[in-house]
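Take this structure, written in structure tokens, and hold onto it; I'll ask about it next.
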Amino acid sequence: TVVAGVVGRPVTHSLSPLIHNAWLAAAGIDGVYVPFTPDAFGFDRLVSGFRGGAIRGLNVTIPFKEAALAACDEATTLARRAGAANVLVFDQNGKVLADNTDGQGLLGAFAVQAPGWDVRNGPVTVIGAGGAARGAVAALLEAGAPKVWLLNRTLAKADAIARDLGPKVAPLPLSHGASAMQQTTAVINATSAGLAGAGELQVPLDLTHESTVVMDMVYKPLETPFLAQARSLGRPTVDGLEMLIQQAIPSFQHFFGQAPPTGVDARALALEAL
Ligand code: ATR
């Protein structure tokens, strides 16, 4: 039996076990995907305990993605540039390999829900400067974005990401986003502001071109106030649930050595559980 899992805190509401176990069953793979919740200091102990291959791999979610990168022996360029890993693979020789598939999730979600959009066609705007935003900027640049406007309430945090990821990243205070809105092909909310209970995000989406795609990485609620604003303006939208599903595809490939089977409606399963 091949074992993989997800580690986070909290992890009980993670949709990943549902998605991966449905894929395993449909593919007829002798495998299981389980949730782990170490305490704040238990993450490193969990990883060292799994060295040697008792478990094939882990998805890593909040708040352990940076710790996952620090705990690995080898990391992909994308994981290093993102400053975080959401996949750890345990090889037979005791090594821990890290990757970050969140960027593939982000771009995969655009490919499914906004298929006409091309990252290479013009500047893209990311809002936020936490770990999620850093990963998104790294992935957009790797995919060929010519420029990324990085808007954040606290400018110093956007400046730090721009210093790390290079001159195509243009940091701006959130309150000075008007010119970015007019030129951008997509606006991606990578702040925690869409989460139920968090403050609302003030962004002049009405200044964007009518074809500008608006995306929110938050999927609880599925329609955040930010996406609702975009929809009321008639903008095409991409949601965080599709990103979650799309990042799971390369994760499954890492753990079980094959693509997920077709014929499972992962989105319908996830929507039922939301
Ligand atoms: P994560 O690791 O998930 O990206 P984080 O590091 O806590 O989370 O970052 C949260 C991001 O959401 C930050 O960019 C934060 O802005 P500040 O850097 O100014 O704190 C942003 N954020 C949270 N609530 C917000 C709000 N109501 N308006 C604007 N930005 C908000």
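The values are calculated or read from the model by the stated rules, or taken from the named source; none is laboratory data. Bear in mind the structure is a predicted one, so any value in this text is a computation, not a measurement. Cβ sites come from the backbone with ideal geometry, for glycine too, and all protein chains shown count toward neighbours.
Which number in (1) within 16 Å of the ligand (Cβ to nearest atom); (2) surrounded by fewer than 18 Cβ atoms within 10 Å (Cβ to Cβ); (3) within 21 Å of Val3 (Cβ to Cβ) marks the one condition that Gly94 misses?
Of the numbered conditions (1) within 16 Å of the ligand (Cβ to nearest atom); (2) surrounded by fewer than 18 Cβ atoms within 10 Å (Cβ to Cβ); (3) within 21 Å of Val3 (Cβ to Cβ), the odd one out for Gly94 is (1).
From the list Leu227, Leu172, pick out the single residue that is more than 17 Å from Leu107 (Cβ to Cβ), within 13 Å of the ligand (Cβ to nearest atom) and not small (Gly, Ala, Ser).
Criteria check complete, one pass: Leu172.
Assess whether Val218 counts as being closer than 17 Å to Ala109 by Cα, touching a helix residue (DSSP H, G or I) at 6+ places or on another chain (Cβ under 7 Å) and away from the ligand (no atom under 13 Å from the Cβ).
It is false that Val218 is closer than 17 Å to Ala109 by Cα, touching a helix residue (DSSP H, G or I) at 6+ places or on another chain (Cβ under 7 Å) and away from the ligand (no atom under 13 Å from the Cβ).
In the set Thr61, Thr101, Thr154, Thr125, which member is surrounded by fewer than 20 Cβ atoms within 10 Å (Cβ to Cβ) and either at negative phi or in the same structural domain as Asp216 (by TED's automatic domain parsing) (or both)?
Thr154
Let me ask something else. Taking the condition of being in a loop (DSSP other than H, G, I, E, B), within 17 Å of Ala193 (Cβ to Cβ) and more than 8 Å from the ligand (Cβ to nearest atom), how many residues in the range 135-154 meet it?
0
Let me spell it out: the conditions are (1) surrounded by 15 or more Cβ atoms within 10 Å (Cβ to Cβ); (2) more than 18 Å from the chain's Cα centre (by Cα); (3) closer than 30 Å to Val32 by Cβ, and Thr208 meets all of them except one. Which number is the exception?
For Thr208, the failing item is (3).
Further question on the same structure: Given the residues Ser192, Ser251, which is the only one that is closer than 30 Å to Ala22 by Cα and assigned by TED's automatic domain parsing to the domain that holds Pro63?
Answer to the check: Ser251.
Suppose we filter the range 150-174 for residues that are of a type in the set (Ser, Thr, Tyr) and without any contact (Cβ under 8 Å) to a residue 24 or more places away in the chain; how many remain?
Residues flagged as of a type in the set (Ser, Thr, Tyr) and without any contact (Cβ under 8 Å) to a residue 24 or more places away in the chain within the range 150-174 amount to 0.
Within the range 256-265, identify whether any single residue is among the charged types (D, E, K, R), in the same structural domain as Leu15 (by TED's automatic domain parsing) and either modelled with pLDDT of 95 or more or more than 16 Å from the ligand (Cβ to nearest atom) (or both), and answer yes or no.
yes
In the range 104-129, what residues are away from the ligand (no atom under 16 Å from the Cβ) and either of a type in the set (Phe, Trp, Tyr) or part of a loop (DSSP other than H, G, I, E, B) (or both)?
If the condition is that a residue be away from the ligand (no atom under 16 Å from the Cβ) and either of a type in the set (Phe, Trp, Tyr) or part of a loop (DSSP other than H, G, I, E, B) (or both), then Phe110, Ala114, Pro115, Gly116, Trp117, Asp118, Gly122, Pro123 are the ones that fit.
Could you check how many residues of the range 236-257 are in contact with a helix residue (DSSP H, G or I) (Cβ under 7 Å, 6 or more places away or on another chain) and not hydrophobic (A, V, I, L, M, F, W, C)?
6
For the range 194-205, check the following and say yes or no: at least one residue is more than 16 Å from the ligand (Cβ to nearest atom) and either without any contact (Cβ under 8 Å) to a residue 60 or more places away in the chain or out of contact with any strand residue (DSSP E or B) (no Cβ under 7 Å at 6 or more places or on another chain) (or both).
Within the range 194-205, none of the residues are more than 16 Å from the ligand (Cβ to nearest atom) and either without any contact (Cβ under 8 Å) to a residue 60 or more places away in the chain or out of contact with any strand residue (DSSP E or B) (no Cβ under 7 Å at 6 or more places or on another chain) (or both).
Since Ala132 meets every condition but one in (1) under 15 Å from the mean Cα position of the chain (by Cα); (2) more than 10 Å from the ligand (Cβ to nearest atom), which condition does it not meet?
Going through (1) under 15 Å from the mean Cα position of the chain (by Cα); (2) more than 10 Å from the ligand (Cβ to nearest atom) one by one, Ala132 breaks only (2).
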